[in-house]
Amino acid sequence: MKRRETCNFKIGSVGVGSDYPVSIQSMTNTDTRNWKATLTQIGQLAEAGCQLVRVAVPDEEAAQALKFICAQSPIPVIADIHFNHRLALSAIDHGISALRINPGNIGSAENVRKVVDKAQASQIPIRIGVNAGSLEKNLLEKYGHPTAEAMVESAMRHVRILEELQFTEIKISLKASDVSLMLDAYRLIAQQIPYPLHLGVTEAGNAKYGTIKSAVGIGTLLAEGIGDTIRVSLTGNPLQEIPVAKQILRALDLYPKGVELISCPTCGRTQIALERLVDQVDQLVSNIDKPLKLAVMGCVVNGPGEAREADLGIAGGKGEGLIFRKGEIIKKVPEGKLLEAFQEELDKLISSK
């Protein structure tokens, strides 16, 4: 796919824009004022593969906590601020790498200028975040309900404020819980501005619902070359967001690390406990960051052929199974020894890489 060309800049050590890989973002759900708990969760997110993290900054105590969080965070920290320009100024002083703030909502033109000047001097990018559920009242009156056009108009109001102040390190998000609305909004604004876009389906739900909505919404836009950072928003522990985000990117060949595990849906030919075997292999490879394609297939009739591109795979038989590499059978072993034989070959493969 051809990426949409954008402006490029850095959020801390992470490059954002079409010159850089699409990056994974999440948001802590700890109380930011409890900086130790927040820092612990950031560390867990980073270990899972998160590259950018956003934290809520609802008051000055939370802003003060940022000096401890930012100093020790393994990944760049973005401050999420609403309505209060003083919190934005304080967050910059305490080491954040980017702001999520809508400049039209933080008071007077003078207040906006103070934030923008400080962000400019500190090389702090600003993300403008528009949500379908919180559009300006006059836009709802104009369009009747949240529409893609209304969301884009809202975003452009904030963009113009920054541009008038000669600020261009801008990232934009246009999130909605309705996937079709989200798609329309991003496609529309992608034609109008040169800035990077942060993709997400907001209020997507729990893992059952949110995973599907995020995969469809984020994946569709990425396949069209639109999108520079992504967040899979799922209710609950943000750690569950990262594997989903990685799999979305990996499905489109946009994530160069880690394992892609493919397996068949099973059918009447399956004569081994395939589901259990797939789960065992999944656990076995969960911490591998090398780019590998692995397969666990239910039968020897089609298994090796259907998974011909897999670096390594298993094809089950009756009481036994095959270990194959790139479609070529390398050994036959009893069913009870399949996982052990697979791990042995996997270790060899990793060592060779």
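The values are calculated or read from the model by the stated rules, or taken from the named source; none is laboratory data. Just so you know, these numbers come straight off a predicted model, no measurement behind them. Note: ideal-geometry Cβ built from the backbone for every residue, glycine included; neighbour counts use all protein chains shown. Note: accessible area is taken over every heavy atom of the protein model, side chains too, but ligands, DNA and RNA are not part of it. Shrake-Rupley method; radii C 1.70, N 1.55, O 1.52, S 1.80 Å.
I'd like to check one number: the per residue accessible area of the chain, probe 1.4 Å, reported in Å² as a whole number.
That works out to 45 Å² for each residue.
Taking only Cα atoms and a 10 Å spring cutoff, compute GNM fluctuations for the chain and point out the largest among VAL216, VAL281, VAL53.
Residue with maximal mean-square fluctuation among VAL216, VAL281, VAL53: VAL281.
Working from Cα positions, state the angle (0 to 90°, nearest 10) between the long axis of helix 274-284 and the longest principal axis of the chain.
60 degrees
Could you compute the net charge surrounding ALA48? Neighbours are other residues with a C-beta less than 10 Å from the C-beta of ALA48; K and R count +1, D and E count -1.
Result for the local shell: -1.
If I fit a long axis through the Cα atoms of helix 60-72 and take the longest principal axis of the Cα atoms of the chain, what angle between them do I get, 0 to 90°, rounded to 10?
Value to nearest ten degrees: 40.
At 25 °C and a viscosity of 0.890 mPa s, what translational diffusion coefficient does Stokes-Einstein give for the range 270-353, taking Rh as the Kirkwood radius over Cα pairs? Give it in µm²/s as a whole number.
Roughly 197 µm²/s, to the nearest whole number.
When the label point is put 7 Å from the Cα of ASN29 along its Cα-to-beta-carbon vector, which residues of the range 225-261 have a backbone N closer than 14 Å?
Hits in the range 225-261 for ASN29 at 14 Å: 232-242.
Could you compute the FRET efficiency for GLU328 and ALA71, with r as their C-beta to C-beta distance and R0 at 45 Å, rounded to 0.05?
The formula returns an efficiency of 0.30 here.
Which FRET efficiency, nearest 0.05, do SER180 and ASN138 yield, Cβ-Cβ r, R0 22 Å?
0.35
What's the carbon and sulfur percent of the chain's accessible surface, probe 1.4 angstrom, rounded to a whole number?
Percent of accessible area from carbon and sulfur atoms in the chain: 48.
So, with +1 on the Cβ of K and R and -1 on the Cβ of D and E, and no other charges, what is the size of the charge dipole of the chain about its Cα centre, to the nearest 20 debye?
Computed charge dipole of the chain: roughly 320 debye.
Using a Förster radius of 51 Å, what is the FRET efficiency between ASP93 and SER352 based on their Cβ-Cβ separation? Nearest 0.05, please.
0.55
Relative to the longest principal axis of the chain, what angle (0 to 90°, nearest 10) does the C-alpha long axis of helix 148-164 take?
60 degrees
Rounded to two decimals, what ratio of Rg to Rh does the range 211-344 give with C-alpha atoms and a Kirkwood Rh?
We get a ratio of 1.03 for the range 211-344.
Do you know the relative contact order of the chain, to the nearest whole percent, from alpha carbon pairs under 8 angstrom that are 6+ apart?
It comes to 12 percent, rounded to a whole number.
Can you give the net charge of the other residues whose Cβ lies under 14 Å from the Cβ of ALA155, counting K and R as +1 and D and E as -1?
That sum, taken over residues with Cβ under 14 Å, equals +2.
Can you tell me the convex hull volume per residue for the range 192-245, based on C-alpha atoms, in Å³ to the nearest whole number?
For the range 192-245, the hull spanned by Cα atoms encloses 76 Å³ per residue.
Pick out which of ILE172, ILE288, ILE75 has the largest mean-square fluctuation in a Gaussian network model of the chain, springs linking Cα atoms closer than 10 Å.
Taking springs between Cα atoms under 10 Å, the residue moving most is ILE288.
For the chain, modelled as a Gaussian network with Cα springs under 10 Å, which listed residue fluctuates most, ASP184, ASP228, ASP289?
In the Gaussian network model the winner is ASP289.
Straight-line reach from LYS137: which lysines fall under 22 Å, measuring Cα to Cα and dropping same-chain residues less than 8 apart?
In chain and number order, the partners are LYS175.
For the chain, divide the Cα radius of gyration by the Kirkwood radius and give the resulting Rg/Rh value with two decimals.
Computed over Cα atoms, the ratio is 1.06.
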